[in-house]
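Worksheet: one structure, shown below.
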Amino acid sequence: MVNIKTLLPQLRQLVGELAEDLLARSTSDATINAGLKEAFQQIEKGGRTAQAFEVWRDDYLDQVAVAWVLACVFVRFMEDNGLIDECWLAGESERRRLAEDTHTLFFREHAHDTDREYFQHVFKEVGKIPAAKELFAEGKTPLWAVAPSGDAAMKLLKFWREMNPEAGTLKRSFQVENGDTRFLGDLYQELSERAKKKYALLQTPVFVEEFILDRTLTPALAEFGLEKVRMIDPTCGSGHFLLGGFTRLFDLWSKPDHTTGNAAKDAQMALDGVWGVDINPFAVAIARFRLIVAAVQACGIKRLKQAPGWKIHLATGDSLLFGNRWDRSGEKIKEQGWLSTNEESWAPDIYACEDHAAVQEALGQQYDVVVGNPPYITVGDDALNTAYRKRYTTCHRLYSLAVPFTERFFDLCTAHASGQRCGYVGMITANSFMKRIFGKKLVEQYLPTVDLTHVVDTSVAYIPGHTTSTVILFGRNRRPDSNTVRAVLGIKGEDAVPGDPSNGVVWQSLVRQLDTPNTVSAYCSSSDMTRETMHKHPWSVGGGGAAELAESFQEKRASQLGDLASEIGFGAVTREDDVYLVGASVTKRHGIPTDYTRPIVSGDGVRDWSVCNPVTSIFPYDPSTLVASCPPAMERFLWPLKVQLSIRVAYGMTQ
């Protein structure tokens, strides 16, 4: 059986070694280097990155390394679970001999090739199976962009075939019970440290996914009917929401009043009801594989060759950038230009940076159900930041991606001018927008235009892997339908980490009290809050009367902070306080203009609600634009200190 705890660190190390090998090949081979530069230039031309080529290349080669490891995992899964008769990579007893014979036969016919070509041969052969075609197809995976060296491929094959000498069994098994692919969710989240940081990879626990689908897909099916309902997760990750949706839809299609009489056709009908998009290519590959295995399992198919070539509606691309937009009546909005440029520009298919046709199809229509768990990170790429701000009015200051994704979720949801056929939205997202200033436009300008129905404060619940405080939002893509919003607000968290998070007392209290307003437990309270309250930023979401207490303070206040201060600036981290915090006498003596000085308070000068003795300090920024600037007098003063200033480290980089 799969032992994910021991497998994960080994596969993570394997990805790192492959990435290093791919980088060495790409820098030493002019053809490979030219191809990568072409792909980068097309993406840059399309306004989708402001990274330097070298930074983009390292990220991309990490994706290629993951694609190679995942392709092997898919084949090994098929081998160990009997989905294919062939044994290409590894096996035990007779199947081990079969794998070795297959390998030997290949080299009899291709004497001058290496194990790199053998792996490519395996992927192409398995890709001939109709159900598995898109797992290995050019344009769907970066697998074919760059291949490892022959030596690295030989080491890779040895890794898969490594045995436990005493037991005579494979060291790494991919055998599972009943087609269970949950371990792939762990791979998605942990396989690449680089990707985890870049994309904020975090899978949604099953109990959270089921709760959200209960409140979105279930009522949509009751209102619109099985034959018409479609759902999308525009941040699908490893596919938890899609798998949950497929299972529910297949169960309904299998019933006598809906079945086609053919399980494989019923599976296609269910698959036609679930769509997904993700910016991360290997997330889409994992989601695709999991849906294939789920369909095979649901149909009782024993061999993958017996399965049809199901159409699975997944695409690699940025849901915030691509596809159409609509107004509240369901009318398509005509956009000006293409992102931040005047043209569409896509990398060649072999580089599979985005799945052009598929992503345009998926994001070119609206859905009755939109669910997901969008990333909580801020935008690190200046080009993407510009493109998002151009497209989403809610992007404000140093915003979290949770903000434009909230707008996008409602945007993808069906809407109609008459109020009919308005879809359901459900999402678990970071709650930072509720209080931090970047959420002001979302709360005060956008959310009043949609029917936000429920706010569930999950920051107090134990949700595995979620270190960021979260909230679950439910709504419908229409004008508000009532004067209140049901809110379940946290009072206190778990007394101890629950053994089964789905049965944690806090989570169970949230679920139970969602349908019983005006109730208070030890862990949360439920109430119907006025929309007027919910349309003011910041939100007060403390349960047990905390919100009411805050409102009472507001009503009885003598003044507000805004009456006393025009603005509150950012803190500064100089990393060399003695250079900048020098006092007025020093700045005057050296002729530094007063516009380039500021009274600055060091941390130890803030005590007991007061600020003590601010020091006149050098402020190397243009006073009107705040662009970094250094007049001659300041440069003369700082020049002797240039070495110690240049070696300061911030965010892992020197100054």
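No value in this document is a laboratory result; all are computed from the given coordinates. Worth saying up front: this structure is predicted, and the values here are computed from it rather than measured. Quick reminder, even Gly has a Cβ in these numbers, built from the backbone with ideal geometry, and neighbours come from all protein chains shown.
Here the simple spin-label model places points 7 Å from the Cα toward Cβ, and for S469 and V586 these points are separated by 3.9 nm. Where [x] 169; [y] 149; [z] 206 are the candidate values, the label of the one calculated here for volume of the Cα convex hull per residue in Å³ is [z]. Using the Cβ-Cβ distance between K197 and I647 with R0 = 25 Å, the FRET efficiency computed as 1/(1 + (r/R0)^6) comes to roughly 0.55. Here each label is just a point 7 Å from Cα along the line to Cβ, and for N483 and T625 those points are 5.2 nm apart. For the range 360-481, a/c is not less than 1.5, where a ≥ b ≥ c are the root eigenvalues of the C-alpha gyration tensor, and a/b does not top b/c. That puts it in the oblate class. Amide H contacts of I279 (H built 1.01 Å from N, in plane; Pro and chain starts excluded): G317, S319 sit under 5 Å, all sequence-distant by 5 or more or on other chains.
Applying 1/(1 + (r/R0)^6) with r as the Cβ-Cβ distance of E94 and H416 and R0 = 41 angstrom yields a FRET efficiency of 0.10. Centre-to-centre, using Cα atoms only, the range 557-611 and the range 140-157 are separated by 55 Å. For F409, neighbours were defined as the other residues whose beta-carbon sits under 12 Å from its Cβ, and their charges (Lys and Arg +1, Asp and Glu -1) total -1. Apply the a/c threshold of 1.5 to the C-alpha gyration tensor of the range 205-280 and tell me whether it is rounded, prolate or oblate. The shape class here is prolate.
Once the Cα atoms are used to define both axes, helix 240-253 deviates from the longest principal axis of the chain by about 50 degrees. Placing pseudo-labels 7 Å out from each Cα toward the beta carbon at V206 and R325 gives an inter-label distance of 3.9 nm. Protection proxy ranking for 403-416, 368-381, using the average of other Cβ atoms within 10 Å per residue and placing the highest first: 403-416, 368-381.
Here the chain carries DSSP beta bridges of which approximately 65% are antiparallel, counting only pairs with both residues inside. Computed from the C-beta positions of E54 and K390 and an R0 of 30 Å, the FRET efficiency is 0.65 to the nearest 0.05.
On full extension, the segment bounded by L398 and W639 gains 83.5 nm, given 0.36 nm per residue less the C-alpha separation. Each peptide in 580-589, 104-113, 296-305 receives the mean, over its residues, of other Cβ atoms within 10 Å, and ordering these scores from highest gives 296-305, 580-589, 104-113. Compared with the direct C-alpha span, the chain from E227 to E125 gains 33.1 nm at full extension, assuming 0.36 nm per residue.
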